[in-house]
Amino acid sequence: MNDMKRFIVLPDLHGECADQEAVRVALDFIADFEPHERVIGGDLFDFAPFRKGADESEKRASIAADLEAGLDLLRRFQATQWTFGNHDIRPWRMRDESSGAMRDYADIVCKQIEDATRRAGCKTYGYRIDQRCQLGPGLSVIHGFAHGMYTARATADAYPGGTIAGHVHSIQYHRAASFDIRECWLIGCMRHPFAPFNQTRLATFRHSIGFAYGWYSETSPNYTVHQAQRMANGAWILNGKEYR
Ligand SMILES: [Fe+2]
């Protein structure tokens, strides 16, 4: 147990859309649990207006408010690692694929994020299948690259060891029938679940507010992952203690 380090993974906060009660519970838990690694599991920001093909209502959202909310969460969680999600990379994509004022504004947003992560000493990973945030040799964190009811299975098949992912906002687990350990936890989200773009998708019923915490070894492939999930009455049981 001596070489085991504590971690927390906070998935899919989506900036201004973050579930504030879940954020408060996670911060209270962090104060008690004192994780060595505090990982943002991607989609720290929402950046709806930067979405390619954004509709009129998405374009009306404030990027400044979303940026401020996400950077505030980065500071409050004192994140040590952040694996980018598909929403987080939107300003870079917008900067590279647009022109004029939009290109200039996207560039300002990119630089603000790069400055903030540098100041926070937070290590970042790109949204690419070959980049993983590592918690010792056995466990890693990605944002997620698959969708649907077999997401945990597709992810477990793709990566060796234990993989923690978000992206689909739901909770799933799968262990592959393989000689080496391949298992995946999809750990829910910390975003308010009923977003406008979710109102016509049945998969939204599967969304859960949650995050992961646990222990990992820096020197061996040992780890244990615990799913934190808000109960129907709004309370959470985390490491044997009730939070609300
Ligand atoms: Fe995502």
**OP:** At least 3 residues that are more than 23 Å from residue 80 (Cβ to Cβ) and touching a helix residue (DSSP H, G or I) at 6+ places or on another chain (Cβ under 8 Å) in each: list the strands (runs of 3 or more DSSP E) lying fully within region 135-244 that qualify.
**Re:** 171-175
Subject >> Hey, residue 171 crowded, with 21+ Cβ neighbours inside 10 Å, within 14 Å of residue 225 (Cα to Cα), modelled with pLDDT of 95 or more and aliphatic (A, V, I, L, M) or not >> reply: no
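Go through region 111-154 and give me each residue that's farther than 24 Å from residue 218 by Cβ and either touching a Leu at 6+ places or on another chain (Cβ under 8 Å) or touching a residue at least 60 places away in the same chain (Cβ under 8 Å) (or both). Spell out the reasoning first.
Just the residues of region 111-154 that are farther than 24 Å from residue 218 by Cβ, to begin with: 111-116, 118-119, 127-129, 144-154.
Scanning region 111-154 gives 112, 113, 116, 127, 144, 151, 152.
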**OP:** Write out, first by first residue and then by second, each pair whose Cβ atoms fall under 7 Å of each other, whose residues are 6+ apart or on separate chains, and whose first residue, in region 155-181, is at positive phi while the second is modelled with pLDDT of 95 or more and more than 16 Å from the ligand (Cβ to nearest atom).
**Re:** 161/138; 161/139; 161/140; 161/181; 161/221
Original post:
For region 134-154, what are the residues that are away from the ligand (no atom under 13 Å from the Cβ) and at negative phi?
Top reply: 134, 135, 137, 138, 139, 140, 141, 149, 150, 152, 153, 154
**OP:** Within region 182-220, track down each residue that is free of Cβ contacts under 8 Å to residues at least 24 places away in the same chain and farther than 27 Å from residue 69 by Cα.
**Re:** 202
Original post:
Is it true that residue 118 is out of contact with any helix residue (DSSP H, G or I) (no Cβ under 7 Å at 6 or more places or on another chain), of a type in the set (Lys, Arg), assigned to a helix (DSSP H, G or I) and buried (at least 18 other Cβ atoms within 10 Å of the Cβ)?
Top reply: no
Subject >> Boolean, residue 77 is among the hydrophobic types (A, V, I, L, M, F, W, C), surrounded by 22 or more Cβ atoms within 10 Å (Cβ to Cβ), under 18 Å from the mean Cα position of the chain (by Cα) and away from the ligand (no atom under 16 Å from the Cβ) >> reply: yes
**OP:** Go through region 84-111 residue by residue and tally those that are of a type outside the set (Asp, Glu) and away from the ligand (no atom under 16 Å from the Cβ).
**Re:** 14
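Please verify whether residue 130 is among the acidic types (Asp, Glu), at pLDDT 95 or above, surrounded by 15 or more Cβ atoms within 10 Å (Cβ to Cβ) and assigned to a loop (DSSP other than H, G, I, E, B), treating the condition exactly as stated.
Numbers: among the acidic types (Asp, Glu): yes; at pLDDT 95 or above: yes; surrounded by 15 or more Cβ atoms within 10 Å (Cβ to Cβ): no; assigned to a loop (DSSP other than H, G, I, E, B): yes.
Considered against the rule, which asks whether it is among the acidic types (Asp, Glu), at pLDDT 95 or above, surrounded by 15 or more Cβ atoms within 10 Å (Cβ to Cβ) and assigned to a loop (DSSP other than H, G, I, E, B), residue 130 comes out as no.
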**OP:** Within region 136-169, work out how many residues are closer than 27 Å to residue 92 by Cα and in contact with a strand residue (DSSP E or B) (Cβ under 9 Å, 6 or more places away or on another chain).
**Re:** 18
**OP:** Evaluate region 25-40: report whether one residue or more is modelled with pLDDT under 95 and either surrounded by 15 or more Cβ atoms within 10 Å (Cβ to Cβ) or more than 13 Å from the chain's Cα centre (by Cα) (or both).
**Re:** no
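The values are calculated or read from the model by the stated rules, or taken from the named source; none is laboratory data. Small disclaimer: the values here were computed from a predicted structure and weren't measured. Neighbour counts run over all protein chains shown; Cβ positions are idealised from the backbone, glycine included.
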